[in-house]
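First up is the structure itself, then whatever we jot down about it.
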């Protein structure tokens, strides 16, 4: 789990974060409820590094911008993430694919990626590039290749040239993508996501905010193993899975 400052587990890409479940009562952007359940990190070790030739996933669900799944799904999950964060890579490669298959593609859950670039300038560059891929409705393939291309924090992996090569690989209109990079709306979206995360008390990545349509928000911190997440989703969905 990536965080900017502080002591404790998982404060950087080499940490071994615990996974904390919190029930949130959000008023004026202040976290008002305490610790719910503490989960272990089992099954969430980062996989082997993969190159840009990694197969691009197909999401068989309604896709719009950085979201996948129906807008009226009973449960929305906002994923606050940083493309340089190794634990975000773990979540993207191990947790999200089965979650997409079992819940998003069946219409029970909507997943929304939120940009939370806190690990340096390349995090911001990657977020900007991914937003502009979303403008062409190619966010999720771009998302997958960004994580597959990780090589360490501020390593040059997300240089403008490398980001452009990923844009070409996922079939973007590169001229339109490049024009988008400098538009005010691009940075406005990133700042809006950062502000949204802070309103939920997000301090590090990855953080999952679970928002039942009619219910109390919940927060999970860390690369939550799918096996630990699934029973909680079923509970929030009323056992419908």
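The figures follow:
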{"item": "Positions within the range 108-126 being outside any strand (DSSP E or B) and either in contact with a helix residue (DSSP H, G or I) (Cβ under 9 Å, 6 or more places away or on another chain) or at pLDDT below 95 (or both), in sequence order", "result": "108, 116, 117, 118, 124, 125, 126"}
{"item": "From the options 167, 129, 223, 134, residue that is under 22 Å from residue 109 (Cα atoms) and modelled with pLDDT of 95 or more", "result": "134"}
{"item": "Criterion (more than 19 Å from residue 121 (Cα to Cα), touching a helix residue (DSSP H, G or I) at 6+ places or on another chain (Cβ under 7 Å) and in contact (Cβ under 8 Å) with a residue 12 or more places away in the chain) met by exactly one of 202, 216, 221, 170", "result": "170"}
{"item": "Positions within the range 111-137 being over 19 Å from residue 204 (Cβ atoms), in contact (Cβ under 8 Å) with a residue 40 or more places away in the chain and over 13 Å from the mean Cα position of the chain (by Cα), in sequence order", "result": "128, 129, 132, 133, 134, 135, 136, 137"}
{"item": "Condition met for residue 146 (part of a loop (DSSP other than H, G, I, E, B), at pLDDT 95 or above and closer than 30 Å to residue 107 by Cβ)", "result": "no"}
{"item": "Filter result for residue 73 (surrounded by 12 or more Cβ atoms within 10 Å (Cβ to Cβ), part of a loop (DSSP other than H, G, I, E, B) and modelled with pLDDT of 95 or more)", "result": "yes"}
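The values are calculated or read from the model by the stated rules, or taken from the named source; none is laboratory data. Since the structure is predicted, the reported quantities are computational estimates derived from the model, not experimental observations. Positions of Cβ are backbone-derived with ideal geometry, glycine not excepted, and every protein chain shown enters the neighbour counts.
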